[in-house]
Every structure is written in C-alpha cells, then in structure tokens.
Amino acid sequence: MIHNPEMECMDRESMKKLQLERLQKTVKTCYENVPFYRKKFDKMGIKPEDIKSLDDITKLPFTTKYDLRDEYPFGLNAVPMDKIVRIHASSGTTGKPVVGTYTQNDLENWAEGAARVFAVGDIGPGDVVQVSYGYGLFTGGLGAHAAANHLGAVQLPTSAGNSEKQVMLMKDFGTTALCCTPSYALHLCEVMEKLGVKKDDLKMRVGFFGAEPWTWGIRREIEEKMGIKAIDIYGLTEMSGPGVGGECEYQDGTHIWEDMYYPEIINPETLEPVEPGEEGELVFTSLCKEAMPIIRYRTRDLTHLIYEKCRCGRTAVRIGKILGRSDDMLIIRGVNVFPSQIEAVLAEFDVYTPHYFITVDRRDNEDTFDLDVELREEYFSPNPAKQMPFIKPLYDRLVSVTGIKPNIHILPPNSIERSMGKAKHVNDKRTHLQNWK
C-alpha cells in the first residue's frame with residue numbers, strides 16, 4: 001500500500017521544484033535564526049539568495065556530528081524554546097549526546113515519514129504493532145509508536161528487554177507487526193525457541209527493523225524463524241528518527257522521502273559529489289524541519305543513490321544497501337575491512353549463528369584480527385579437533401573476501417552478548433586509531 005501517492009510517486013521535475021522551494025526556505029531560516037550557520041555562511045561568503053538551483057547546494061557547508069556536539073544542547077535551534085514540544089538525543093557513548101528538538105509540526109512530519117514505511121506492510125486498524133525499540137531519548141520507540149498511531153493501529157509499547165515477556169505478549173496479544181533492531185529480533189527468535197513458541201503460534205506477518213546495518217542472511221533467518229516479511233526502516237536522530245526512508249515490498253533499495261530530506265552522495269575524502277550511481281557517503285539536508293533544520297549532514301553511511309522508478313510505482317529515490325559506515329571501517333594490515341563483510345560471510349554458513357565479535361590489536365608491530373563466532377548447538381563440541389572442519393571453510397572464505405587472515409575462535413552457543421538495542425561488534429584496542437564502535 002502506498003500511503004501518500006502525491007509525494008511518494010511525484011514526477012521528478014515536480015519533486016525538484018518542491019525541493020528547491022523548501023531548500024531555499026531552510027537556508028534562509030538557518031542564516032537568519034541559527035548563529036552557527038550564519039557564521040559559517042559569512043566565512044564562506046554565501047548568502048541565502050545565492051541558492052538559485054539544487055546544484056547550488058554544493059556551495060553550502062557540511063554539518064558533522066562534532067558540530068552538533070559542540071553546539072550542545074540547543075545551539076542549532078531555529079525557534080525559541082516555547083515552540084519546542086519534544087527533545088530526543090543519541091546515546092552519547094562517545095562524549096555529549098547529539099540532541100534533536102521538535103516542534104509539533106516536526107513530530108507530525110516524522111510520523112508521516114515513518115507511516116509511509118509501515119504502510120508497505122499494510123498496517124492499519126486492527127493491527128497490533130509491538131514496539132520493541134527502546135522508549136526514551138532514543139528516537140526508535142516513539143518514532144515507531146507514532147507511525148502505528150498515524151495509521152490507526154494498536155500500539156503495544158513493550159520497549160526493549162524482558163524478552164520472555166515480549167514473546168508471551170506476542171502470542172497472547174496477537175501481535176501482527178514487530179519493531180526493533182535486527183539483532184534484538186534474532187535474540188527474540190532464540191527466546192521463542194527456548195520457550196517452545198513456534199512461528200505458527202503467532203499472528204505476526206511483518207517486521208520493521210533498523211537502527212543498525214544488517215545483511216540478507218540475517219533477514220532470511222528472521223523471516224524464516226518468525227514467519228514474517230522483514231522490512232528495513234532507515235532513519236537518524238539528526239534528521240528526525242526512524243522514517244527518513246524505508247523499503248517497499250520489492251526490497252530493491254530503501255526509498256528516501258526526498259520531499260522532506262534531500263540526499264547527496266559525496267566522496268568521503270575529497271568531499272566532492274560522486275558520479276550518478278557511484279558509491280560514497282550519504283549526506284542529508286532537512287527540508288521541512290522547523291526546530292532544528294540541518295544542512296548537508298554527513299551521515300558516514302556508505303551507499304549509492306538509485307533514481308530509476310521502482311516496480312512498486314514510487315518515484316522516490318532509493319539508496320542501495322548500506323555497505324557500512326566510513327567511521328566503522330577498520331584498517332587491518334593495510335586492508336580496509338567493514339564488520340558488515342564479516343556478517344555477510346557468516347550468513348553463508350548454516351552451522352554458525354549470526355552473532356560475532358571482532359577484536360583488533362597490535363602485537364610486535366603487527367595488527368591482529370581475532371574473530372569470535374558461535375556454532376549452532378547441534379554442531380558444537382568442546383573438542384577442538386571436532387571444530388576444525390568448521391573453521392577452515394570460514395577461514396578460507398574470510399581470506400577470500402577481506403584479504404586478511406583472522407584468528408577464529410569458536411565459542412559455545414549464546415556466549416556472545418546479545419543486544420537489546422544496537423549491537424556492538426568491534427573492539428579496536430589500537431590506541432592510535434579511532435575505530436571503537
């Protein structure tokens with residue numbers, strides 16, 4: 001189901017016209033009401049009236065997560081506090097959190113964007129949407145909650161955690177849609193198995209998963225074990241939260257609601273636009289935000305844009321599957337490695353669970369790469385000799401894909417910590433690199 005055909009299926013020329021009008025308004029608002037941007041514009045010799053076409057967006061400065069932290073808490077607000085009705089923030093695991101503020105209109109636009117994704121799963125009155133994203137400063141819980149409410153569905157605000165109760169409520173309350181991180185969905189699959197709850201015992205038919213990259217292998221495992229269609233929902237606190245975009249039923253890229261969020265792809269090193277279809281770093285400019293408009297925000301997500309009309313009928317631009325984040329990339333023995341590559345390789349082997357943990361260190365002036373993985377219960381043996389037949393194929397495949405030789409450690413099932421939110425997969429102990437996630 002297409003929730004808003006006028007915006008999701010708008011012809012390209014009309015969309016460009018709308019985007020330019022909204023971009024010019026956003027730039028004017030930022031210059032007149034946000035000292036941070038006015039100072040940047042003046043330093044670069046830019047005035048709002050210089051933005052005469054969408055191509056002129058390249059004249060504007062970038063905004064980074066560090067800028068948002070430097071302006072903590074409300075330095076990027078474009079409206080007075082008496083117009084603000086909601087505050088969200090990132091987890092702040094590395095310093096001060098990134099703050100997002102919202103007017104009432106911002107909240108309505110956010111709900112509209114997320115509802116467009118939920119509509120792909122035909123969510124509506126009578127559906128029970130179990131929101132197992134965390135509620136609170138994190139945008140996931142209340143963002144998904146608002147989408148379900150926007151479409152008239154029942155909202156079941158379980159938040160994250162208390163997993164056995166989550167499964168009980170899925171069964172007893174007739175949950176039809178689940179919202180959480182992919183890693184938590186995998187954990188719930190394990191809890192279902194532990195409790196003896198089968199997919200046929202549930203009414204679930206669809207799940208909306210996001211907040212972290214995930215592979216097709218993980219998608220297939222969730223779909224098989226829960227008996228659902230697993231849909232990727234994309235968002236970030238700096239733009240609003242979940243609902244900046246999402247997949248359609250064909251799952252051939254993630255549609256971005258470009259009437260509200262203008263996307264670009266740049267070379268993360270040169271900061272110049274890449275050629276159409278080329279991979280690079282995703283950059284967003286908010287086009288409708290009132291409380292905290294953001295210009296050219298560097299997401300660090302690595303992907304590409306797809307402008308061809310989708311089979312679903314939507315003309316909204318799509319981003320390809322996110323390769324990873326430029327700040328997630330590990331350089332090991334001179335080779336660029338993304339955790340998502342490891343995850344994709346693991347998914348090729350039925351004997352392993354999808355859970356893993358990477359430890360990178362340096363010993364005797366050489367990088368080390370240790371990979372903890374779990375064999376599924378039916379394959380696991382504490383006898384190292386019986387593990388060897390499973391290690392070699394994985395080792396060979398990882399060397400083929402990444403070009404580096406890992407030290408693989410097989411752990412018993414359920415040894416690697418499960419996450420109720422965004423999963424942590426890497427510990428880089430090398431003090432001279434900033435690769436901790």
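Could you tell me whether the stretch 410-418 includes any residue that is under 21 Å from the mean Cα position of the chain (by Cα) and under 30 Å from HIS255 (Cβ atoms)? No, there is no match, as no residue in the stretch 410-418 is under 21 Å from the mean Cα position of the chain (by Cα) and under 30 Å from HIS255 (Cβ atoms).
Of all the residues in the stretch 158-196, those that are part of a loop (DSSP other than H, G, I, E, B), at negative phi and in contact with a Gly (Cβ under 7 Å, 6 or more places away or on another chain) number 2. How many of the residues making up the stretch 365-419 are buried (at least 17 other Cβ atoms within 10 Å of the Cβ), under 29 Å from PHE209 (Cα atoms) and at pLDDT below 90? Of the residues in the stretch 365-419, 2 are buried (at least 17 other Cβ atoms within 10 Å of the Cβ), under 29 Å from PHE209 (Cα atoms) and at pLDDT below 90.
Rundown of residues vs (1) at pLDDT 95 or above; (2) crowded, with 23+ Cβ neighbours inside 10 Å; (3) of a type outside the set (Gly, Ala, Ser); (4) touching a helix residue (DSSP H, G or I) at 6+ places or on another chain (Cβ under 6 Å), yes/no style:
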{"site": "ARG205", "(1), (2), (3), (4)": "yes, no, yes, no"}
{"site": "PHE208", "(1), (2), (3), (4)": "yes, yes, yes, no"}
{"site": "GLY217", "(1), (2), (3), (4)": "no, no, no, no"}
{"site": "ILE233", "(1), (2), (3), (4)": "yes, yes, yes, yes"}
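Consider the stretch 290-331 and keep the residues that are in a loop (DSSP other than H, G, I, E, B) and closer than 20 Å to ASP56 by Cα. The one that is most open to solvent (accessible area, probe 1.4 Å) is TYR307. Restricted to helices (runs of 4 or more DSSP H) entirely inside the stretch 33-120, those with at least 2 residues that are open to solvent by 10 Å² or more (accessible area, probe 1.4 Å) and free of Cβ contacts under 8 Å to residues at least 12 places away in the same chain are 35-44, 65-70. Return a yes/no flag: does the stretch 315-324 have any residue that is under 27 Å from LEU76 (Cα atoms) and either acidic (Asp, Glu) or under 16 Å from the mean Cα position of the chain (by Cα) (or both). Within the stretch 315-324, not a single residue is under 27 Å from LEU76 (Cα atoms) and either acidic (Asp, Glu) or under 16 Å from the mean Cα position of the chain (by Cα) (or both).
Against the definition (under 30 Å from LEU20 (Cα atoms) and assigned to a loop (DSSP other than H, G, I, E, B)), how does GLU269 come out, yes or no?
Yes, satisfied.
From the list GLY161, GLY174, GLY152, which one is of a type in the set (Gly, Ala, Ser), surrounded by fewer than 21 Cβ atoms within 10 Å (Cβ to Cβ), under 26 Å from GLU190 (Cα atoms) and more than 24 Å from the chain's Cα centre (by Cα)? Matching residue, one of GLY161, GLY174, GLY152: GLY174.
The values are calculated or read from the model by the stated rules, or taken from the named source; none is laboratory data. No experiment lies behind these values; they were computed from the predicted model shown. Cβ: placed from backbone, ideal geometry, glycine included. Neighbour counts: every protein chain shown. We work out accessible area using only protein heavy atoms, side chains counted, and drop any ligands, DNA or RNA first. Shrake-Rupley method; radii C 1.70, N 1.55, O 1.52, S 1.80 Å.
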